[in-house]
1. Pairs under 8 Å by beta carbon, first residue at the interface with another protein chain (Cβ under 10 Å from one of its Cβ atoms) in region A:133-160, partner assigned to a loop (DSSP other than H, G, I, E, B) and basic (Lys, Arg), six or more apart or different chains?
2. Can you tell me which residue is nearest to A:Val16 (Cα to Cα) among those in region B:217-241 that are in a helix (DSSP H, G or I) and at the interface with chain A (Cβ under 10 Å from one of its Cβ atoms)?
3. Taking the residues in region A:86-99 that are in a loop (DSSP other than H, G, I, E, B) and either at the interface with chain B (Cβ under 7 Å from one of its Cβ atoms) or without any contact (Cβ under 8 Å) to a residue 40 or more places away in the chain (or both) as candidates, determine which candidate is farthest from B:Trp69 (Cα to Cα).
4. Considering A:Pro182, A:Pro163, A:Pro213, which residue is over 28 Å from A:Trp35 (Cα atoms) and either among the β-branched types (Val, Ile, Thr) or surrounded by 12 or more Cβ atoms within 10 Å (Cβ to Cβ) (or both)?
5. Just one of B:His244, B:His255, B:His273 is under 30 Å from A:Thr29 (Cβ atoms), part of a helix (DSSP H, G or I) and free of Cβ contacts under 8 Å to residues at least 60 places away in the same chain; which is it?
6. Please enumerate the residues belonging to region B:290-339 that are away from chain A (no Cβ under 14 Å), assigned to a loop (DSSP other than H, G, I, E, B) and either touching a residue at least 60 places away in the same chain (Cβ under 8 Å) or within 30 Å of B:Leu242 (Cα to Cα) (or both).
7. Considering every residue within region A:185-203, establish whether at least one is surrounded by fewer than 22 Cβ atoms within 10 Å (Cβ to Cβ) and among the polar types (S, T, N, Q).
8. Take A:Pro81 and decide whether it is touching a residue at least 24 places away in the same chain (Cβ under 8 Å), more than 11 Å from chain B (Cβ to nearest Cβ) and either surrounded by 15 or more Cβ atoms within 10 Å (Cβ to Cβ) or in a strand (DSSP E or B) (or both).
Amino acid sequence: MTCLPKEPSGKKLGLVIDLDICVGCQACTVNCKEWNAGGHSNPLHDKDPYGGEPDGVWFNRVHGYEVTSEETGNSQTVYFPKSCLHCDDAPCVTVCPTGASYKRSEDGIVLVNAETCIGCKLCSWACPYGAREYDDTQGVMKKCTMCVDRIYNENLSEDARVPACVSSCPAGARHFGDLGDPNSGVSQLVEARGGYDLMPEQETKPVNKYLPPRAKQHMKEETGKQLKKQQDGPKGLMKLLDQALSW
Amino acid sequence: MHPASSVIIFTTFSGTGYGLMMVLLATMLLGWLPRDPSLVLYGLLLSFALVTIGLLSSTLHLGHPERAWRAISQWRSSWLSREGLMALITYVPMGVLIITAFMNLPDNEVLGTVENAVTSVAATMGEGHMVSQLHDTWVSVMMVLGVICAGLTVFTTAMIYRSLKPVAHWHNGFVVPLYLLMSLMAGSMITVFFMVGFGYDLSYVGVSSMALIFATFGLKLNYWRAMNRMEPTSTMESATGLGHLGKVSVLEQAHTEDNYLMKEMGYQVARKHADKLKFYYRLFAFICFLTITAISIWQFNQWWVMAISALSLIISLLVERWLFFAEAKHAVALYYGKK
């Protein structure tokens with residue numbers, strides 16, 4: 001059924017992504033592709049991977065942005081990983097004409113049933129975040145599964161039961177947990193750091209949250225003067241003396 | 001949005017087919033046109049052909065056309081599903097009326113009407129057409145159902161676009177009236193051609209068609225004006241949530257080549273091309289208006305006038321629908337720096 005669950009369990013498995021930490025190393029995107037090429041949504045097509053026009057499905061992509069302050073003119077670089085946000089009001093689910101797209105009531109994960117998807121692409125039009133990509137070798141829609149085949153996988157050791165992107169992040173910029181539980185680690189992290197939704201005006205109520213980059217430490221005015229003094233060196237008589245002695 | 005030819009053909013063909021069905025049956029119900037079985041037959045057969053070509057074209061672009069039947073199951077939540085269901089339901093009154101009209105054709109009418117349509121107006125004004133008209137109550141019921149079902153199908157098609165919030169060019173109050181008007185306009189023009197061909201007096205139908213062309217044209221121009229002034233729903237700042245730090249721009253794209261998202265949703269038509277196409281739309285809509293005026297007011301109903309009229313209708317419909325897709329911007333393009 002492509003109606004949203006009428007009685008959700010309250011459990012909302014999701015990711016919290018720390019933009020203050022991410023350096024855009026792409027480890028999460030590569031491990032995501034690696035795991036999912038053999039997992040629940042396999043295969044993930046890769047056309048012309050070493051040629052001139054590589055094309056294929058990736059569930060996770062890292063964008064690089066420059067943010068320029070209008071007041072100071074200072075800019076900073078922010079690396080921005082983006083994957084499915086497993087929205088509470090997922091428009092990709094309700095537009096699906098076949099029932100292939102669904103949101104699980106037990107944990108809120110949004111999935112596609114590749115057996116019943118007709119490949120009409122309407123879900124990708126309905127998603128403002130670009131979370132869904134069409135696999136033209138299979139004729140069906142593919143998307144992040146929150147590694148549903150890892151997080152409940154009893155063949156894996158307990159600490160490995162997290163999404164592939166989370167397990168591979170070398171900097172600890174990605175956190176996984178139940179965002180429906182206010183006492184969970186991820187919820188408290190969101191609370192402490194002012195975690196936010198992407199495009200709240202689209203009214204999709206994303207589960208995944210982003211932690212803002214911490215304010216950049218700008219030079220104090222005093223420090224600036226001190227530094228300039230050191231660079232310019234002595235003035236007047238002292239400058240003559242300095243020049244005379246430093247040949 | 002990528003203007004896929006399958007979707008453009010689907011929405012224009014089926015829209016025109018349902019429009020023809022609505023206008024033809026409504027004019028008969030209003031008594032502006034005799035319930036001539038041969039007119040019902042040929043009119044609805046054309047409508048059937050247009051609708052079916054459109055629907056087939058829309059299923060062929062699917063990744064799995066053989067699973068298309070599944071698409072009617074989720075009518076509770078999905079406008080696409082509702083559209084599929086309505087399209088199927090509409091075949092019922094359409095089919096019943098086609099069969100009834102066929103059964104009620106006077107002898108040798110099948111060959112007769114074709115001849116009449118080609119030969120002079122005076123010949124078809126004879127008694128032949130008035131012999132058997134479809135006046136049973138249940139035929140009227142079927143006609144009313146036909147108008148309602150065809151209208152609802154066009155409405156559901158428009159709602160597919162209307163309901164997509166990430167595409168601000170579609171998520172607005174213009175889209176549903178535009179789809180309905182475009183459909184009725186095209187239907188009314190074809191009804192005029194049929195009436196001329198069958199030698200009926202156009203009376204209100206010609207004037208209604210002129211009014212519909214005018215109304216559609218006016219609404220479309222207003223739509224374009226409103227879209228030019230529109231404030232975007234989302235921005236790069238809201239998409240990244242980094243607006244509190246300053247203006248956001250792309251430093252490094254997430255991938256070197258265009259992916260599915262860029263090809264499907266990142267399509268952008270150059271402003272100068274859009275302006276040129278809008279000029280063509282205005283030109284051909286004007287020719288539509290002029291030719292229909294010539295036919296209905298000045299009785300200037302030579303075959304070549306109708307041919308020019310029909311050709312202008314096709315061009316203006318295709319140009320309008322192509323622009324409807326090509327000019328629509330999807331929120332996901334913001335992540336790639338396209339504002």
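The values are calculated or read from the model by the stated rules, or taken from the named source; none is laboratory data. Computed from a prediction, not measured in an experiment: that's the story for all the values here. For neighbour counting, all protein chains shown are included, and Cβ atoms are generated from backbone atoms with ideal geometry for every residue, glycine included.
1. Going by the 8 Å Cβ cut-off, the qualifying pairs are A:Tyr134/A:Lys121; A:Met141/A:Lys121.
2. Taking the candidates together, the pick is B:Thr240.
3. Only one residue tops the list, namely A:Val95.
4. A:Pro213
5. Numbers: B:His255 fails: part of a helix (DSSP H, G or I); B:His273 fails: under 30 Å from A:Thr29 (Cβ atoms).
Result: B:His244 is the single residue among B:His244, B:His255, B:His273 that is under 30 Å from A:Thr29 (Cβ atoms), part of a helix (DSSP H, G or I) and free of Cβ contacts under 8 Å to residues at least 60 places away in the same chain.
6. Within region B:290-339, B:Ile297, B:Asn301, B:Glu327 qualify.
7. Within region A:185-203, one or more residues are surrounded by fewer than 22 Cβ atoms within 10 Å (Cβ to Cβ) and among the polar types (S, T, N, Q).
8. Working: touching a residue at least 24 places away in the same chain (Cβ under 8 Å): yes; more than 11 Å from chain B (Cβ to nearest Cβ): no; either surrounded by 15 or more Cβ atoms within 10 Å (Cβ to Cβ) or in a strand (DSSP E or B) (or both): yes.
It is false that A:Pro81 is touching a residue at least 24 places away in the same chain (Cβ under 8 Å), more than 11 Å from chain B (Cβ to nearest Cβ) and either surrounded by 15 or more Cβ atoms within 10 Å (Cβ to Cβ) or in a strand (DSSP E or B) (or both).
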